[in-house]
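Scroll down for the structure; my scribbles are underneath it.
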Amino acid sequence: MKNKKNIKYNFRGAVNSGVQMILAIMIVFSGIFLYSCQQEEEIVIAMGEPVSLSVSDSNLVLSQKQAGSNALKISWTRGTNKGTGSSISYTLEIDKVGNDFSNAKIYELGKGVFEKNFSVSELNDLVRDFWGVAPGVPTDFETRVIADVTMEGVEDDTTNVKTFSVTPYKPVSDVLYIVGDASPSGWNIGNATPLAQVTSTPWVFVYQGQLSAGSFKFSVSQDDCWCRDFYTKDPSDDGI
């Protein structure tokens, strides 16, 4: 009987040890679970900064002598896709101050584009042709960029508005003709003699040929209406 009691006692001791081990394992796994929950609660999705805009110059006085040079660069930051992982498409708008972008020139620039450059001649043509700004008249413009997240239901992001002033010039014609009784074609403007434009200095034209005694004008057109611009000799000029 004594041996049986010892066996029973040892069995109970083994059971107690097993229970303790199971409890220890459960406590360890509970700790891991709680730690995982805490880790999940600390995860934050980086939303990024809202898209912002800048302009390279705020006061532009344009000159045809720099026609091919860069006049204005409008640039913007990447912006945020609101944590969606979707791509962003950009639209640039420019308008005269006071229009509230109701008559804006719109450039759909697509994805991955973060600047728009304008040469002197491009900007001059834009403000004169699109808004009818007179040469020599400084005019204020404003610009903004709209960032469109390409996921349905996500609201667009619009940049801050930047302003700049542009003073355009009246471009010299890229063609010029000589007409008059001193010229080879006389006063027949429909057959007026063309001058050669100097490539390196497009506002300079050269005539090589014979002239007769008499008067002449320089025309920017061969239209018979005589309604285009003409250039004449300055009365104070003693040259030809």
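The values are calculated or read from the model by the stated rules, or taken from the named source; none is laboratory data. In this text the structure is predicted, and so the values were computed from the model without any measurement. Using ideal geometry, Cβ is built from the backbone for each residue, glycine included, and neighbour counts are taken over all protein chains shown.
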- Message: Cβ contacts < 7 Å: first residue farther than 26 Å from LYS65 by Cα, restricted to segment 179-204; second residue aromatic (Phe, Trp, Tyr) and surrounded by 13 or more Cβ atoms within 10 Å (Cβ to Cβ), any location; separation 6+ or different chain. Result?
- Response: VAL179/TRP187; VAL179/PHE216; GLY180/TRP187; GLY180/PHE216; ASP181/TRP187; ALA182/PHE216; SER183/PHE216; ALA192/TYR177
- Residue count, segment 105-147 (criterion: touching a residue at least 60 places away in the same chain (Cβ under 8 Å) and polar (S, T, N, Q)): 2
- Kindly indicate which of PHE118, PHE114, PHE101 is touching a Phe, Trp or Tyr at 6+ places or on another chain (Cβ under 9 Å) and not acidic (Asp, Glu). PHE114
- Restricting attention to segment 214-240, report how many residues are at pLDDT 80 or above and either in contact with a helix residue (DSSP H, G or I) (Cβ under 9 Å, 6 or more places away or on another chain) or under 16 Å from TRP187 (Cβ atoms) (or both). 9
- Task: Might you check whether a residue that is part of a loop (DSSP other than H, G, I, E, B) and without any contact (Cβ under 8 Å) to a residue 40 or more places away in the chain occurs anywhere in segment 71-79?
- Result: yes
- Answer yes if at least one residue in segment 145-158 is in contact with a helix residue (DSSP H, G or I) (Cβ under 7 Å, 6 or more places away or on another chain) and either surrounded by 15 or more Cβ atoms within 10 Å (Cβ to Cβ) or not in a helix (DSSP H, G or I) (or both), and no otherwise. no
- Query: Quick one: which of ALA196, ALA134 is surrounded by fewer than 16 Cβ atoms within 10 Å (Cβ to Cβ), out of contact with any strand residue (DSSP E or B) (no Cβ under 9 Å at 6 or more places or on another chain) and closer than 25 Å to SER221 by Cα?
  - Reply: ALA134
- Which one is surrounded by the most Cβ atoms within 10 Å (Cβ to Cβ), of the residues in segment 47-68 that are within 14 Å of the chain's Cα centre (by Cα) and not in a strand (DSSP E or B)? VAL51
- Return the only residue of GLY110, GLY79, GLY85, GLY18 being modelled with pLDDT under 90, at positive phi and either touching an Asp or Glu at 6+ places or on another chain (Cβ under 6 Å) or not aliphatic (A, V, I, L, M) (or both). GLY85
- Note on the structure: When segment 80-109 is checked residue by residue, the ones that are basic (Lys, Arg) and in a strand (DSSP E or B) are LYS96, LYS105
- THR167: in contact with a Gly (Cβ under 7 Å, 6 or more places away or on another chain), at pLDDT 90 or above and of a type outside the set (Lys, Arg), yes or no? yes
- Hey, SER183 hits all of (1) surrounded by 15 or more Cβ atoms within 10 Å (Cβ to Cβ); (2) under 38 Å from the mean Cα position of the chain (by Cα); (3) of a type outside the set (A, V, I, L, M) but one; which does it fall short on? (2)
